[in-house]
1. Of the accessible area of the range 37-84, with the probe set at 1.4 angstrom, what percent is carbon plus sulfur?
2. Would you list which lysines come within 22 Å of Lys351, measuring only between C-alpha atoms, while excluding same-chain residues fewer than 8 positions from it?
3. Residue farthest toward the positive end of the dipole of the chain, with Cβ of Lys/Arg at +1 and Asp/Glu at -1: which of Gln271, Ile350, Ala593?
4. Aspartates and glutamates near Lys190 by alpha-carbon distance under 15 Å, same-chain residues fewer than 8 away left out - which ones?
5. Please report the carbon-and-sulfur percent of the accessible area for the range 338-471; probe 1.4 Å, protein heavy atoms only, DNA, RNA and ligands left out.
6. Hey, of (1) 1.07; (2) 1.20; (3) 0.99, which did the structure itself give for Rg/Rh (Cα atoms, Kirkwood Rh) when calculated?
7. With a 1.4 Å probe and all protein chains left in place, how much of the accessible area of the range 193-313 comes from carbon and sulfur atoms, in whole percent?
8. Within the set of other residues whose C-beta is less than 10 Å from the C-beta of Phe320, count the net charge using Lys and Arg as +1 and Asp and Glu as -1.
Amino acid sequence: MIKNLLFAITLTVTINSFAGDTTNIQVHDHTDMTWNGNYDEWGVFPDGSKTYRKIYLHYTMGCASSGCSDWDYTTKIEVLHRTGQLDTSLNEIIESYELARVITPYGNGLNNNWEFTHIFDITDFASILQDSVEIRAHYGGWSSGFSATLDFEFIEGTPPRNVTSLQNIYSGGCSYTTSSAFEQSCLPPKMFWVDANSTQAMVKMTTTGHGFDNNIYAAEFKPIDYYVKIDGNLTHTQFNWDPNCGENPIYPQGGTWILDRANWCPGTRAQTFDHEITNYITSSDSVEINVNFQSYSWSGTQTPSYIIDCQLFLYEGSNFTNDVEITDIIKPSLKDEYSRFNPICGKPLIKIRNYGSDPLTSVVIEYGVEGGVIHTYTWNGSLAFMEEEEVELPLLQNWGGTKDVFQVSLSNPNGQSDEYLDNNIMRTPFAHVPQYEEKFAVWTQTNSGGSNVSETSWKFLNDDGSLYNISQTMYINTQYRDTIEFESGCYTFIIEDTDEDGLDYWNNSDGAGYVKLRNVPGTWFSDFNADFGTNIIHNFRVGTILSSENIFDKLDVFPNPATDNIRLESASLINSEIKILNLLGEEIYSKTANSNSESISISAFPNGIYTIQVQGNNTSIIQKFVKQ
């Protein structure tokens with residue numbers, strides 16, 4: 001069941017199965033931000049009577065109706081929380097909490113229909129996202145403009161731990177005149193009370209550096225650390241820097257888009273760093289929190305500045321002991337943020353998190369295309385509570401199925417039953433890679449980047465990551481034509497530039513080059529944008545893209561989840577062998593289908609996730625269902 005408040009919207013390209021009801025709310029709808037200031041709108045949020053295991057903010061930035069601005073400006077999405085308390089003038093105190101920060105791209109090269117969606121996990125803010133809520137979109141620009149569309153997605157369920165308190169530690173912009181003045185005025189130590197019900201705590205920190213017209217290009221281009229101190233003791237050191245601007249998914253842009261910056265790149269989000277401080281607090285006691293920035297001296301005409309939002313979250317204990325969560329599917333994906341390295345035809349990449357208090361040391365991962373072949377992989381490692389990790393899965397060779405939907409299912413954390421099934425399954429639609437001929441040519445024109453040998457090179461990788469072919473040593477200002485023959489399979493073509501400024505960047509004297517693909521004989525079929533920054537990652541297939549001849553057209557399993565019975569229906573079901581496997585892969589049920597519609601009693605099955613295997617005459621399919 002989907003309940004839509006205010007607006008009916010389609011939110012996400014990632015689907016969480018068996019996750020409980022989902023409520024979608026839109027507050028800002030293409031709100032034009034055309035000048036420096038605040039753009040406030042009210043929304044009606046859930047009333048707080050239910051709990052949510054996940055709350056997402058989908059922040060879609062686009063061009064304003066008058067077009068995109070040429071410059072990189074700061075935007076912030078904030079909750080204006082009414083506290084119910086009065087100040088000395090008898091006005092209600094309103095506290096502002098930052099939910100998201102995105103820096104606008106250099107928009108002079110973007111068309112007016114451009115949009116890009118960033119997705120933020122804001123689950124811990126549930127207590128202030130209730131009933132009528134005022135949401136602020138702040139625009140720090142001095143020219144028009146960009147638009148903001150904010151879609152909130154509430155997924156019912158149980159969070160990993162319950163928030164008892166949310167407080168700002170630091171919030172606002174601050175100039176860095178000197179280190180001592182900055183620490184005293186902007187980052188003084190703060191005292192907080194830890195109530196009797198709170199046993200866990202986290203400091204969330206988002207800070208971006210701005211300004212550069214001085215001798216050390218601070219703060220925008222000055223990499224520094226900051227330090228978290230609890231009761232005077234150093235607990236965390238964080239490098240506040242984004243080293244990947246040359247791999248920006250929004251490219252090409254005008255301006256100096258390729259240059260790394262102080263925790264931001266033009267067009268991307270500012271990263272929020274989570275610092276767990278549970279081991280340093282005591283219930284029914286106070287705690288002092290202090291953040292210090294690495295000190296430096298500067299001279300020049302522009303004072304470095306930082307925008308800082310730092311929050312303290314207090315929690316009750318963990319809600320689960322043994323539980324694992326799938327938090328994201330990075331490859332394959334249709335998400336804007338992952339567009340640099342999608343689509344794929346090789347190894348999937350997912351992100352998992354330990355959702356239980358016990359350390360997570362192993363988990364069984366099943367994955368594949370819906371209606372296709374399911375693969376199984378056992379991850380081994382060590383994740384503490386709330387820690388997450390990217391997991392590259394073994395090669396998926398068959399991308400055929402009944403739908404272009406990639407699915408992942410987690411089970412058996414630490415070799416035991418998972419305490420909470422709602423966060424174990426995720427699906428995402430995907431696009432197939434292009435298919436090319438078995439022989440084609442790579443045409444490369446190098447520019448003058450490099451002393452003699454070109455900064456630019458290329459290589460082809462097999463689907464297992466091994467090297468298939470590589471460019472010869474290429475020299476500056478030279479054209480190369482390399483003809484390559486391929487066998488059937490999946491390949492990755494990578495173009496790299498060691499100076500991370502591509503083959504045609506306006507802010508250097510390297511000139512222009514190109515990389516193109518051409519059929520032999522034939523015409524051009526791929527012309528890569530030369531202003532690519534660090535690299536281009538392009539996946540493709542030679543030979544048959546899909547083989548669906550051994551896949552059912554469709555198999556319906558319902559209801560799902562189920563309690564007593566499930567029904568299987570398919571035009572190809574009759575005379576097929578039906579098997580049901582538990583999470584250990586053990587066969588617990590089998591029969592031969594007597595018709596194209598079969599009812600199976602599952603009342604005696606323990607609660608959990610099960611796999612249905614159907615094997616017929618040159619047909620096979622795998623589906624999952626949940627017994628509850």
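The values are calculated or read from the model by the stated rules, or taken from the named source; none is laboratory data. As the structure is a computational prediction, the values presented were derived from the model and not from experiment. Ideal geometry is used to build each Cβ from the backbone, glycine not excepted, and the neighbour counts take in all protein chains shown. Side chains are part of the model used for accessible areas, which takes the heavy atoms of the whole protein and leaves out ligands, DNA and RNA. Shrake-Rupley method; radii C 1.70, N 1.55, O 1.52, S 1.80 Å.
1. With neighbouring chains kept in place, the figure for the range 37-84 is 48 percent.
2. Lys54, Lys204, Lys331, Lys335, Lys624
3. Ala593
4. Asp231, Asp285, Glu288, Asp309
5. Heavy-atom surface of the range 338-471 belonging to carbon and sulfur, 1.4 Å probe: 44 percent.
6. The calculated read-out lines up with (3).
7. Summing carbon and sulfur atoms, their accessible area is 45 percent of the total for the range 193-313.
8. Around Phe320, the surrounding residues sum to -4.
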